[in-house]
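The values are calculated or read from the model by the stated rules, or taken from the named source; none is laboratory data. Quick caveat, the model's predicted, so the values are computed rather than measured. With ideal geometry, Cβ positions are generated from the backbone for all residues, glycine too; neighbour counts draw on all protein chains shown.
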Amino acid sequence: MKYNTIDYDKTMRSALSYSDGFLKGIEQNQTYFNLQLAEIIKQAFYKYVDSVARLDPDSLQHVYEWGQVGIGGGRLFEIEAFTGRQSIRFVTEFQQSTSVSPTSTEPFYDKASVMEAGTMVTISPPAGGVLAFEGADGEMVFSSSDIQIDEPGGPEAKGGFAAVVRDFFYNYLERGLLNQLIKELETPIEFTQGWNKGMTYSTGQRSARRYLTIDGGVG
Amino acid sequence: MALKDIVPIVPAVPINRYLWSVIAELDADLVLGYNGIMPFYPLGESAAGDAPWDGKPSVVYDRMMVINPSPFYPVKKEQIQYALKATPSDSLIWGSAIQYILDRGDAAAQDVNAYNASMNYGLFFHTLRVFQTSTQISSSGVQRDYSINQFYISKFVIDCEYHNNDRV
């Protein structure tokens, strides 16, 4: 029996080089992977908050334009992702409202941040004028003095957005989104797909890039 | 044939039918109390019409998101969000029932398929998972004001994987 040790040696070197390239490629593409992951998490976050708002509008109506609760175009919040090699950091911020409520003539610009914080609001009548608004019983109320609103947006608006953000990151994200992804990463089929005669350090790097490319998305 | 008879139905419909049927098996009296109405409503409760609630639990659901788990497009993955509206004690019982009945992976999917086999919905489920995302206490940080609102809202996500069949 004869063994072709030259061929064996060449194949082993090629396999080791490919594996090295794959590992290096994983390291090089960590930011690339995190960027994709951050984008998917952002999209999922918007979908999640919109859905909660549609199902339980009392707690989230303040972070949407008037009459647009749960609609993407009416959001008064944004989530930004800051991505590095080892981490992704998310920051949410409120935007100013530009729509006018049915009982007003001017936008309540900071309604999202004011109602989320539960800040007391005092409304004063214009000089020489009166305030006119619909009372709890549906009757029009006229007042020449200041009106104080202890909980603008209602009692459930205060902290409502923060609570949903917490629910998303603590209760939803791992079970609803990341587990599936982790499961897929546990089987690096891209590594075995590249395991052939032409394998080199650079094909290993390319396989790593394919491995860290997230095919799916959220819609 | 109308469009509604050709395109596959949304996954929530067969899942809700199955869920309600199992609840009926487990507690026939509870279901009788609803006078033939299945208390699962898509989005706004206005869809509930004049349903006789009398403080009974109900579920409002929403197609939260579609996840494309892989480039193999025929396999679809969807997450449905349930908002269970009930008194605190009913919330615990119903929440537990929803998870007990649906959070069984492949076995639950098979049961949903079998129960809806005659309905020709154009859907074949592979797996179902359920997890709770919030209770009212966790979602607002404080207990709901029961003097204003007698109900408690717990949220669940129903995660289902399926493919479409032709509707004959």
Query raised in the report: Are there any pairs, at least 6 apart or on different chains, whose C-beta atoms fall under 6 Å, with the first in segment A:137-158 and within 24 Å of A:Pro57 (Cα to Cα) and the second hydroxyl-bearing (Ser, Thr, Tyr), and if so, which?
Result: A:Gln148/A:Thr122; A:Glu156/A:Ser59; A:Glu156/B:Ser140
Query raised in the report: For residues in segment B:57-84 being more than 8 Å from chain A (Cβ to nearest Cβ) and modelled with pLDDT under 85, which is farthest from B:Leu30 (Cα to Cα)?
Result: B:Phe72
Report task. Name the single residue, out of those in segment A:160-178 being within 19 Å of A:Gly217 (Cβ to Cβ) and at the interface with chain B (Cβ under 9 Å from one of its Cβ atoms), that is farthest from the chain's Cα centre (by Cα). Result -> A:Arg175
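If you go through segment A:49-70 one residue at a time, do you hit one that is polar (S, T, N, Q), in contact with a Leu (Cβ under 7 Å, 6 or more places away or on another chain) and crowded, with 17+ Cβ neighbours inside 10 Å?
Here is the first cut: in segment A:49-70, the residues polar (S, T, N, Q) are A:51, A:59, A:61, A:68.
Filter once more, keeping what is in contact with a Leu (Cβ under 7 Å, 6 or more places away or on another chain): none.
No, the conditions are met nowhere in segment A:49-70.
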Query raised in the report: Of everything in segment B:133-154 that's at the interface with chain A (Cβ under 7 Å from one of its Cβ atoms) and in a strand (DSSP E or B), which residue is modelled with the highest pLDDT?
Result: B:Thr133
Report task. Just need a number here: residues in segment B:9-50 that are at pLDDT below 85 and in contact with an Asp or Glu (Cβ under 9 Å, 6 or more places away or on another chain). Result -> 1
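Report whether or not A:Tyr201 is among the hydroxyl-bearing types (Ser, Thr, Tyr) and within 14 Å of chain B (Cβ to nearest Cβ). Reasoning before the result, please.
Values: among the hydroxyl-bearing types (Ser, Thr, Tyr): yes; within 14 Å of chain B (Cβ to nearest Cβ): no.
For A:Tyr201, the condition - among the hydroxyl-bearing types (Ser, Thr, Tyr) and within 14 Å of chain B (Cβ to nearest Cβ) - is not met.
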Requested in this report: Can you tell me which residue within segment B:77-115, out of those that are under 14 Å from the mean Cα position of the chain (by Cα) and over 25 Å from B:Ile153 (Cα atoms), is surrounded by the most Cβ atoms within 10 Å (Cβ to Cβ)?
Outcome: B:Val112
Report task. Count, please, the residues in segment A:65-79 that happen to be touching a residue at least 24 places away in the same chain (Cβ under 8 Å) and either within 10 Å of another protein chain (Cβ to nearest Cβ) or not in a helix (DSSP H, G or I) (or both). Result -> 8
